[in-house]
Amino acid sequence: MSIAQGAEVQVASEQLRARLADIVGADHVLIGDDAAEFLDPWATSLTPTPEPAVVVQPASVEEVQAIVRIAAEAGVPVWPSSQGRNYGYGGAAPVVGGSISLNLRRMNQVLELDEQGGYAIVEPGVSFTELHAEISKRGAKLWISTPDLGWGSVVGNTAEHGVGYTEFGDHASAVAGMEVVLPDGTVLRTGLWALPNNALGARAKRGFGPSIDSLFLQSNFGIITKLGIWLAPQPEAFTVGSVILDDAARIPALIDALGPLVQDGTIQGHPLIVSSPEPEGGRMAPWDDTSGGSKKQKMSAVFPPGRVNARVGFYGRPSLISAREAIVREAVAHIPGAIVDLRTYPGDVDPHEVHPLDLVPAGIPNQFLLDMLRKHFGPTVGHFDFSPIIPFTGEAAAQHEAMVMEILDKHDLVAGFGWIAQSRTLIGACMIIFDSSDPEEAARARAAADEMIDRAAEWGWSEYRGHVTIQDRIASLYSAGDGALHRFYSRLKDAVDPAGILAPGSHGIWPSERTH
């Protein structure tokens, strides 16, 4: 019996659920309404997402091993998630319906926190908020990098190539060692972690031999149960704020001015450059009542001020901060109408004294973005994300924005839209907003994303992550050498997971003899 034919039948059996309950306890085997949190929160009848048949929440590595082995015996796929809050990309939903959803929230310990070494070792259930709280509790002078919403898992976000905005904002690049449960239940430790009694694992990214940590990010070759992640030392001070423009025609000039300063490290971390077209009737502020406003006015209220708002940050000694700030001011001085609006704080500032827009670039987890979306669009607001990697040039950014705005207008939609700056590329973050209680509007959001994917592919651009329902489609774009890359992934999958038990279809990776 193949996975696709037998999964739903097998996993529904009382016998299998009983075996899972023997491992984790009956309270941690969830079905029906109890498992609703682990579905795609914004799926509708017109935009369905595969559903797991049961959710299991282990509390230890040994329980993960046992669940994987039982799943293999039963021929039922396992779909792991950490917090399960990868919203915009399907949440904790699997690619293959009827899977065992293996949620790791109960594995939520900060196992090690080393101030001198500048690292933490965490389990997958640790959220950014929890890691920040633990650092504060211990009085460690360390900073984390956090994405816009702090409720997600450090491990889960890192495994999805997620990004934050401070020094180690490229979370995948901050990994230093991991522990992984393989599809046969074997526990593997990478790098120096594989050396018994070695205490340097999270201080060094490589040991002896090939470095394989990246094989377990955006893949289905193993389940990460522990992760070493580098943290930044608490700076003496920091200055954050924005370069603001109200003239859309000047966006390319601003992008081109900031690019070299990100690449050479003058601007530290990862700037977020937000595009917010001026709505008819004028822009709204975050605390305005937008209940009678248009979608574009509501979107303007969610965003920081300006037609374009480029968030920048400087960290460290005040003299260095001043020098960096002066360079940025000089670099944008030739752009008519550019306003540089910055605020300075001590490195140990109380989070309550930080401006809401400055929390994320200060490494302080929060929910401000989600709060604003719900305030202005209502509690059923959802988003479907389209996030291509594009060149760090003003020309590419303008081309990208024009394409996105054209398609949004065609479908009567709005989006949270902008660019997250890497050293040499931009991640085009586009959260296509829709009302999840309106299946027709959700369908238009999916259709808009499909058009954006096609258009971007014509230009040689691809998303850096994708919703579970379109991962095969994104993977198919990587077709050079007659699909040599994904044939190689399938060979690896065949070697470590020949039955395709672990997360089949994740990021378009299947066994060579797949059934789905």
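The values are calculated or read from the model by the stated rules, or taken from the named source; none is laboratory data. Keep in mind that what you see is a predicted model, and the values were worked out from it rather than measured. Quick reminder, even Gly has a Cβ in these numbers, built from the backbone with ideal geometry, and neighbours come from all protein chains shown.
Descriptive notes on the structure:
- Selection of the stretch 141-151 for residues being aromatic (Phe, Trp, Tyr) and either part of a helix (DSSP H, G or I) or over 15 Å from the mean Cα position of the chain (by Cα) (or both) yields only 143.
- Residues of the stretch 393-434 satisfying the condition of being among the basic types (Lys, Arg) and either touching a strand residue (DSSP E or B) at 6+ places or on another chain (Cβ under 7 Å) or closer than 23 Å to residue 361 by Cβ (or both): 424
- Among the residues of the stretch 324-336, those identified as within 14 Å of residue 252 (Cα to Cα) and either out of contact with any Leu (no Cβ under 7 Å at 6 or more places or on another chain) or not β-branched (Val, Ile, Thr) (or both) are 331, 334, 336.
- In this structure, residue 227 does satisfy being within 22 Å of residue 60 (Cβ to Cβ) and of a type in the set (A, V, I, L, M, F, W, C).
- Any hit, the stretch 337-346, residues being in a helix (DSSP H, G or I) and in contact with a Ser or Thr (Cβ under 7 Å, 6 or more places away or on another chain): no
- Strands (runs of 3 or more DSSP E) contained entirely in the stretch 237-320, each with at least 2 residues that are touching a residue at least 40 places away in the same chain (Cβ under 8 Å) and of a type in the set (Gly, Ala, Ser): 237-245, 308-316
- Wholly enclosed strands (runs of 3 or more DSSP E) of the stretch 56-140 bearing at least 1 residues over 22 Å from the mean Cα position of the chain (by Cα): 100-103, 110-114
- Residues satisfying the stated conditions in the stretch 266-283, i.e. within 24 Å of residue 428 (Cα to Cα), modelled with pLDDT under 95 and out of contact with any strand residue (DSSP E or B) (no Cβ under 6 Å at 6 or more places or on another chain): 276, 277, 278, 279, 283
- Residues that are touching a residue at least 60 places away in the same chain (Cβ under 8 Å) and surrounded by 19 or more Cβ atoms within 10 Å (Cβ to Cβ), drawn from the stretch 171-200: 179, 181, 183
- Applying the set (1) under 30 Å from residue 70 (Cα atoms); (2) assigned to a helix (DSSP H, G or I) to residue 498 leaves exactly one unmet item: (2).
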